[in-house]
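Engineer: Below you will find the structure I want to go over with you.
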Amino acid sequence: MISPGSFAAPMTVDRAAHRRESDHVGHAHAVVIREGTVLAGADGLHLVEPGGWSADALVAYLGHDGERDYVAVAAEEGAHAGEEGAHAGEEREFVPARALLGALDAHPRGARDRDLVLTATAIAHWHAAHARCPRCGTPTVVGAGGWVRRCPSCERDHYPRTDPAVIVAITDADDRLLLAHASYWSARRYSHLAGYVEPGESFEQTVHREVAEEAGLALTGLEYIGSQPWPFPASVMVGFRARAVSTVLRLDQDEISDAMWLTRDQLVERVRDGSVVLAPRGSIARSMLDAWHGDGAALTRVQGD
Ligand SMILES: [Zn+2]
């Protein structure tokens, strides 16, 4: 199961940067990405065998796990890369990467496939958004096995970027958890407060600012608990927990339309009666909920995901 500490160990796939510009790329198995979706089969992530993907597609080298090389292949919209090789009765389809992450949670190859999906999604998003040089506007050229875009005009190299965002599980003196609903979320979705790091801030300063702005709360005992890549489209979520100094909420109604303090039993009851929908399995928000609640399987049962 993914926990806030699940990403603390080395990545299961060695990124092996020295292999990026070699013929290992041609012998690699491919994670196929199309418009934020990933090619999957009934058994989770579907890897397309060497030769089964188009060499003129956008390819980024993902790494080596001691057994195989892996690449991300960005399929054009409407392309069917990898699907045509399916055997009779074998279903393959493009599914949202976020949905696949939840399904990988309990899979035996879950950690490897999770790392491949997250990196492939991140790098494909970055390429899609950086076709032109941000300095001079010239179309850029892919290099370094998909890890650089070079500008042929001003000769700058542009590297993939990740935007840090903080998320914080806030409890009160009775260990009740604060759950908030942001006005732009789907109905009944409740989660922890979160926000993007602004230039010039430490992660901790971002937590204090966001929580003060969104809920009017001061925090104590702020503690880092783990991070998780979240390439939808380009974030790494940095997880904290903290204690609120008081329970009096002053909500920024533009961003946070509702918030409440819940005991464990109250949370389960709200999920059961449908008035609260939790963040999906596979997200750091959910693993932070599980860690606070103490029985993630119970939350999965009651939410039915
Ligand atoms: Zn340029």
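Here, each number is a calculation from the coordinates, and none is a lab measurement. Here the structure is a predicted model, which means the values were calculated and not measured. Because the Cβ atoms are built from the backbone with ideal geometry, glycine has one as well, and the counts that use them run over all protein chains shown.
Engineer: To the nearest 0.05, how large is the calculated FRET efficiency for SER6 and SER246 if R₀ is 35 Å and r is the Cβ-Cβ distance?
Structural biologist: 0.60
Engineer: Taking H placed 1.01 Å from N in the peptide plane, check which residues at least 5 places from ALA16 or on another chain put their amide H under 5 Å from its amide H.
Structural biologist: Close amide H contacts, sequence-distant or interchain: HIS64.
Engineer: Follow-up. Assigning unit charges at the beta carbon (Lys, Arg +1; Asp, Glu -1) and nothing else, what dipole magnitude in debye, to the nearest 20, does the range 17-147 show about its Cα centre?
Structural biologist: 620 debye
Engineer: Given the options VAL117, VAL238, VAL211, state which has the largest fluctuation in a GNM of the chain using a 10 Å cut-off (strictly under) for Cα springs.
Structural biologist: Among VAL117, VAL238, VAL211, the largest GNM mean-square fluctuation belongs to VAL211.
Engineer: If R0 is 41 Å, what FRET efficiency do you get for TYR196 and GLU35 from their C-beta distance, rounded to 0.05?
Structural biologist: The calculated FRET efficiency here is 0.95.
Engineer: Where the only charges are on Cβ atoms (+1 Lys, Arg; -1 Asp, Glu), what is the dipole of the chain about its Cα centre, to the nearest 20 debye?
Structural biologist: It comes to approximately 340 debye.
Engineer: Cα convex hull of the chain: mean projected area in nm², to one decimal?
Structural biologist: Projected over every direction and averaged, the Cα hull of the chain covers 17.8 nm².
Engineer: Per-residue counts of other Cβ atoms within 10 Å, averaged by peptide: what ranking do you get for 277-290, 124-137, highest first?
Structural biologist: Listed from highest to lowest mean packing, they are 277-290, 124-137.
Engineer: Spelling out what I want: for every residue of the range 150-167, take phi, set θ = phi - 60°, compute 6.51 cos²θ - 1.76 cosθ + 1.60 (Karplus), and round to whole Hz; glycine and proline get x.
Structural biologist: Values per residue, Gly and Pro as x: 9, 8, x, 8, 9, 6, 8, 9, 10, 10, x, 10, 10, 9, x, 9, 9, 9 Hz.
Engineer: Points 7 angstrom from Cα along the Cβ direction at ASP175 and ALA298: gap in nanometres?
Structural biologist: With each label point 7 Å from Cα toward Cβ, the separation is 1.1 nm.
Engineer: I'd like the orientation of helix 110-129 relative to the chain: the angle between its Cα long axis and the longest Cα principal axis, in ° from 0 to 90, rounded to 10.
Structural biologist: Once rounded, one gets 80 degrees.
Engineer: Given points 7 Å out from each Cα along the Cα-Cβ axis, report the HIS130 to HIS18 separation in nanometres with one decimal.
Structural biologist: Each label point is offset 7 Å from its Cα along the Cβ direction, giving 2.5 nm.
Engineer: A further question follows. Would you mind putting 214-225, 243-254, 92-103 in packing order, based on average other-beta-carbon counts within 10 Å, highest first?
Structural biologist: 92-103, 214-225, 243-254
Engineer: Once phi is turned into ³J(HN,Hα) by the Karplus curve 6.51 cos²θ - 1.76 cosθ + 1.60 with θ = phi - 60°, what whole-Hz value does each residue of the range 229-237 show in order, with x for glycine and proline?
Structural biologist: Running phi through 6.51 cos²θ - 1.76 cosθ + 1.60 with θ = phi - 60° gives x, 9, x, 10, x, 7, 10, 10, 8 Hz.
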